[in-house]
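First comes the structure, then the notes that go with it.
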Amino acid sequence: MMNEVILEMSEKMDKSVDSFKNELSKVRTGRASLAILDGISVNAYGSQMPLNQVGTLTIPESRMIAIQPWDPQMLQAIEKAILKSDVGLTPANDGKIIRLNIPQLTEERRKDLVKQVKKIAEEFRVAVRNLRREAIDTLKKQKKDKEISEDELFKYQDEAQVETDSHIKMIDDAMATKEKEVMEV
């Protein structure tokens with residue numbers, strides 16, 4: 001039977017891995033992805049609204065994102081929000097639709113993106129290791145308070161290490177996939 005501390009640690013590690021994958025989806029590759037636009041807010045009708053709530057976002061081609069606002073008067077606000085964001089794309093407005101062309105990445109830019117992916121991966125690996133450390137500290141406190149025996153402590157520490165290794169492997173696998181995607185021409 002797994003200890004509650006180990007289960008809780010494992011759940012938190014799962015959330016870390018999910019957060020990491022979400023973070024990776026925001027890293028721009030040579031292909032169009034709507035995840036690039038996550039987090040962009042548009043000043044619409046006096047309040048900030050997510051971009052996907054003021055229009056339809058589509059990918060008509062592999063290197064283009066099209067944004068068709070539900071209200072044509074929102075074109076300027078959407079354009080301004082995209083320019084203000086840090087996505088590095090210039091919107092092309094034809095009066096009805098805003099098009100974002102995704103430029104071909106240079107070799108140098110690809111290498112920078114790979115470094116960025118590796119840096120993000122390392123941050124999440126550290127977070128997973130910190131969760132393991134916290135769990136082991138809790139287990140040691142339980143042993144000190146005589147809630148668990150020394151044998152159980154060692155068994156749970158081994159389980160914590162196995163969970164940690166498995167979650168770090170998930171992060172490494174996702175990082176390798178993203179790296180391959182970024183370096184693909």
Filter pass, residue 153 being surrounded by 12 or more Cβ atoms within 10 Å (Cβ to Cβ), among the hydrophobic types (A, V, I, L, M, F, W, C) and over 24 Å from residue 21 (Cα atoms) | yes
For the stretch 53-68, indicate whether the set of residues that are modelled with pLDDT of 85 or more, under 24 Å from the mean Cα position of the chain (by Cα) and assigned to a helix (DSSP H, G or I) is non-empty.
-> yes
Search result, residues across the stretch 156-167 that are open to solvent by 30 Å² or more (accessible area, probe 1.4 Å) and either in contact with a Ser or Thr (Cβ under 6 Å, 6 or more places away or on another chain) or among the polar types (S, T, N, Q) (or both) = 157, 161, 163, 166
In the stretch 84-95, residues that are open to solvent by 40 Å² or more (accessible area, probe 1.4 Å) and either assigned to a helix (DSSP H, G or I) or in contact with a Leu (Cβ under 8 Å, 6 or more places away or on another chain) (or both) total 5
(1) part of a helix (DSSP H, G or I); (2) farther than 30 Å from residue 131 by Cα; (3) not aromatic (Phe, Trp, Tyr) all hold for residue 43 apart from (1)
Residue in the stretch 66-87 that is nearest to residue 179 (Cα to Cα), counting only those that are touching a helix residue (DSSP H, G or I) at 6+ places or on another chain (Cβ under 9 Å) and not hydrophobic (A, V, I, L, M, F, W, C) = 85
Which one is most open to solvent (accessible area, probe 1.4 Å), of the residues in the stretch 49-83 that are among the β-branched types (Val, Ile, Thr) and farther than 16 Å from residue 94 by Cβ?
-> 59
Can you find a residue in the stretch 16-26 that is modelled with pLDDT under 85, within 30 Å of residue 131 (Cα to Cα) and either among the basic types (Lys, Arg) or open to solvent by 90 Å² or more (accessible area, probe 1.4 Å) (or both)?
-> yes
Can we say residue 127 is closer than 22 Å to residue 23 by Cα, surrounded by 13 or more Cβ atoms within 10 Å (Cβ to Cβ) and in contact with a Leu (Cβ under 9 Å, 6 or more places away or on another chain)?
-> no
Any residue in the stretch 158-182 that's on the phi < 0 side of the Ramachandran plot and in a helix (DSSP H, G or I): show its pairings with residues that are basic (Lys, Arg) and open to solvent by 40 Å² or more (accessible area, probe 1.4 Å) at Cβ separation under 6 Å, as long as the two are six or more apart or on different chains.
-> 160/132; 164/132; 174/21
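A quick yes/no check of all residues on (1) more than 30 Å from residue 60 (Cα to Cα); (2) of a type in the set (Ser, Thr, Tyr); (3) modelled with pLDDT of 90 or more:
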| site | (1), (2), (3) |
| --- | --- |
| 85 | no, yes, no |
| 95 | no, no, no |
| 132 | yes, no, yes |
| 151 | yes, no, yes |
| 154 | yes, no, yes |
| 157 | yes, no, yes |
| 169 | yes, no, yes |
Of residues in the stretch 30-48 being of a type in the set (Val, Ile, Thr) and under 16 Å from the mean Cα position of the chain (by Cα), the one surrounded by the most Cβ atoms within 10 Å (Cβ to Cβ) | 36
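The values are calculated or read from the model by the stated rules, or taken from the named source; none is laboratory data. The shown structure was predicted, so the numbers you read here are calculated from the model rather than taken from an experiment. With ideal geometry, Cβ positions are generated from the backbone for all residues, glycine too; neighbour counts draw on all protein chains shown. When the accessible area is computed, the model is the full protein with side chains, heavy atoms only, and any ligands, DNA or RNA have been set aside. Shrake-Rupley method; radii C 1.70, N 1.55, O 1.52, S 1.80 Å.
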